[in-house]
Amino acid sequence: MPVRDGGSGGGHGDGRHGDGDGGDALVVLRDVDKHFGALHVLRSINLTVGRGEVVVVIGPSGGGKSTLCRAINRLETIDSGEIFIDGRPLPAEGRELAALRADVGMVFQSFNLFAHKTVLENVTLGQVKVRKKDKKTADGRARQLLDRVGVASQADKYPAQLSGGQQQRVAIARALAMDPKVMLFDEPTSALDPEMINEVLEVMQQLARDGMTMVVVTHEMGFARSAANRVVFMADGRIVEQTTPDQFFSNPSSDRAKDFLSKILHH
Amino acid sequence: MFDFLEGYDLLGAFWVTVQLTVISAIGSLIWGTLLAAMRVSPVPLMRGFGTAYVNVVRNIPLTVIIVFTSLGLFQTLGVSMGAKDFTTINFRLAVLGLIAYTAAFVCEAVRSGINTVPVGQVEAARAIGLDFPQVLRLIVLPQAFRSVVGPLANVLIALTKNTTVAAAIGVGEAALLMREMIENEAQLILISVIFAVGFICLTLPTGLLLGRLSKKVAVKR
């Protein structure tokens, strides 16, 4: 069990408060703290993601990016603070939590497609069991989504028969099948071979253009530059800086961000 | 040479053995799976019950459990399992005892299978909004069972042989007949061989078939 000290003192007000983006906030984190044992992974995180906004979270490894992403649908519990999705506080457990998770799509680094189910079944399962759609409607929707992410021809195969890039695109289709309000991407391209990264990023670019609300943890600076409305830079459990991609990449204000960028952009 | 077999219902006795095995196997598979579900559930009371059950039951000799069903449940507490004649009562009591005992081993086999399912599978299932029972039923158990067909085959073979303990409360299965024949006939070695071969005929195909099934249903990752 993580230490529960409940203290949110200290470190407050490091990153600017979420800019609100017109006031239609879909995801709100308020003073969120979390410890892994002695490690303080999230320190007084305040973040607001507006409807239709694409927020890219970048920063050094171990800085709390993935934990932040996973906390938004409570795959990680938090020690203190509040998280709201579309105005409703995140339930602690049970049926309400399950219902809320259905509204929050999640794409994992390691794909996590259901290994014993075909590609098509992966995409229909949630529609049938959670959204209570009939099999035929779910099948139709699944095939349409698989077509959209470019793997329609693989529908009857098992995940292990697909390449990493294909698996990740199926995972995106699986999440989209729930008609989520927001999509979370936890380093979606980090486990992929280089030549497969683009096929996944293209799908994500398209989603962003279609107006999907997205929180993307990634090391793909190109994607951050081209698709993000806002870049959130995290290090040591804090949001150090959040601003537009242009501003961040050309003129970062914090030394930590300057240091980070100098290390990744110079080769 | 086999004259002495006359007058004994060898096939009938083995048929009772098969019935004991099949019914107990189905029962212990269901009860053992429920126990495994309890042991991984988020409810502390259920986890505690599952753990206590397994640790108590699997450490009691089967003979004690079977004899208890007869002396304790039936003769002391009057549990007759909805039957009137002694043959049926004893048969049902034996099935109850075998299920109670074997389920502890099924539970541990299934639980080890659950542990082979990567945590990412569970997270992905929760992330699309499935609740705990659905995650278990739709994602975790189907994958867990595929990885423990081999261990479950062991449990099933052990169960087949364990049915001989039912002789202790007078269920007319193979071992009871063997005891009767040994008492009456002067063919000790031959009788032992016949019953040994009989059991091998039951268990060998089980092991081979389930071994093949195990390879066939394995989850590819």
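Which of the numbered conditions does A:L162 fail, given that it passes all the others? Conditions: (1) within 15 Å of the chain's Cα centre (by Cα); (2) of a type outside the set (F, W, Y); (3) within 14 Å of chain B (Cβ to nearest Cβ); (4) surrounded by fewer than 21 Cβ atoms within 10 Å (Cβ to Cβ).
Condition not satisfied by A:L162: (1).
Within the stretch B:121-148, track down each residue that is at the interface with chain A (Cβ under 8 Å from one of its Cβ atoms), of a type outside the set (K, R), under 25 Å from the mean Cα position of the chain (by Cα) and open to solvent by 20 Å² or more (accessible area, probe 1.4 Å).
Within the stretch B:121-148, B:L138, B:P142 qualify.
Within the stretch A:123-151, can you find the residues that are assigned to a helix (DSSP H, G or I), more than 11 Å from every other protein chain (Cβ to nearest Cβ) and more than 17 Å from A:Q168 (Cα to Cα)?
A:K135, A:K136, A:T137, A:A138, A:D139, A:G140, A:R141
Here is a list of conditions, (1) under 15 Å from the mean Cα position of the chain (by Cα); (2) within 9 Å of another protein chain (Cβ to nearest Cβ); (3) not charged (D, E, K, R), and A:V56 meets all of them except one; can you say which number that is?
Only one criterion is unmet by A:V56, namely (2).
Restricting to the stretch A:202-216, give me the number of residues that are closer than 10 Å to A:V54 by Cα and either among the charged types (D, E, K, R) or in contact with a Ser or Thr (Cβ under 6 Å, 6 or more places away or on another chain) (or both).
1
Can you pull out the residues in the stretch A:173-194 that are away from chain B (no Cβ under 12 Å), in contact (Cβ under 8 Å) with a residue 24 or more places away in the chain and either closer than 17 Å to B:R221 by Cβ or assigned to a helix (DSSP H, G or I) (or both)?
The answer is A:L192, and nothing else.
Name the residue that is farthest from B:V57 (Cα to Cα), counting only residues in the stretch B:108-120 that are surrounded by fewer than 20 Cβ atoms within 10 Å (Cβ to Cβ) and facing another protein chain (nearest Cβ under 10 Å).
B:G120
What is the one condition in (1) more than 19 Å from A:S66 (Cβ to Cβ); (2) more than 14 Å from chain B (Cβ to nearest Cβ); (3) surrounded by fewer than 19 Cβ atoms within 10 Å (Cβ to Cβ) that A:Q154 does not satisfy?
With (1) more than 19 Å from A:S66 (Cβ to Cβ); (2) more than 14 Å from chain B (Cβ to nearest Cβ); (3) surrounded by fewer than 19 Cβ atoms within 10 Å (Cβ to Cβ) applied to A:Q154, the lone miss is (3).
Please pick out the residue among A:L113, A:L75, A:L120 that is modelled with pLDDT of 95 or more, within 14 Å of chain B (Cβ to nearest Cβ) and in contact with a helix residue (DSSP H, G or I) (Cβ under 7 Å, 6 or more places away or on another chain). Outline the logic, then answer.
Numbers: A:L75 fails: modelled with pLDDT of 95 or more; A:L120 fails: within 14 Å of chain B (Cβ to nearest Cβ).
Criteria check complete, one pass: A:L113.
This table checks each residue for (1) under 30 Å from B:E180 (Cα atoms); (2) without any contact (Cβ under 8 Å) to a residue 40 or more places away in the chain.
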residue: B:L20; (1), (2): yes, no
residue: B:I26; (1), (2): yes, yes
residue: B:G48; (1), (2): no, yes
residue: B:T51; (1), (2): no, yes
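Just wondering, is there one or more residues in the stretch B:210-220 that are open to solvent by 40 Å² or more (accessible area, probe 1.4 Å), polar (S, T, N, Q) and part of a helix (DSSP H, G or I)?
no
Just to check your reading of the model, which residue among B:R39, B:R58 is over 15 Å from the mean Cα position of the chain (by Cα) and among the basic types (K, R)?
Exactly one of B:R39, B:R58 is over 15 Å from the mean Cα position of the chain (by Cα) and among the basic types (K, R), namely B:R39.
Please determine whether any residue of the stretch B:190-199 is within 30 Å of B:V117 (Cβ to Cβ) and more than 14 Å from every other protein chain (Cβ to nearest Cβ).
The initial filter retains those residues of the stretch B:190-199 that are within 30 Å of B:V117 (Cβ to Cβ), namely none.
The answer is no; no qualifying residue exists.
Of everything in the stretch B:53-80, what is outside any helix (DSSP H, G or I), more than 26 Å from B:A36 (Cα to Cα) and either open to solvent by 70 Å² or more (accessible area, probe 1.4 Å) or hydrophobic (A, V, I, L, M, F, W, C) (or both)? Give them in sequence order. It would help to see each step written out before you state the result.
Here is the first cut: in the stretch B:53-80, the residues outside any helix (DSSP H, G or I) are B:58-61, B:77-80.
Still in the running and more than 26 Å from B:A36 (Cα to Cα): B:77-80.
Residues satisfying the conditions are B:L77, B:V79.
Tally time: how many residues in the stretch A:60-93 are open to solvent by 50 Å² or more (accessible area, probe 1.4 Å), out of contact with any Lys or Arg (no Cβ under 9 Å at 6 or more places or on another chain) and not in a loop (DSSP other than H, G, I, E, B)?
Residues flagged as open to solvent by 50 Å² or more (accessible area, probe 1.4 Å), out of contact with any Lys or Arg (no Cβ under 9 Å at 6 or more places or on another chain) and not in a loop (DSSP other than H, G, I, E, B) within the stretch A:60-93 amount to 2.
The values are calculated or read from the model by the stated rules, or taken from the named source; none is laboratory data. Just so it is clear, the structure is predicted and the values come from calculations on it, not from any experiment. FYI the Cβ positions are ideal-geometry reconstructions off the backbone, even for glycines, and counts take in every protein chain you see. Ligands, DNA and RNA are excluded from the accessible area calculation, which covers all protein heavy atoms including side chains. Shrake-Rupley method; radii C 1.70, N 1.55, O 1.52, S 1.80 Å.
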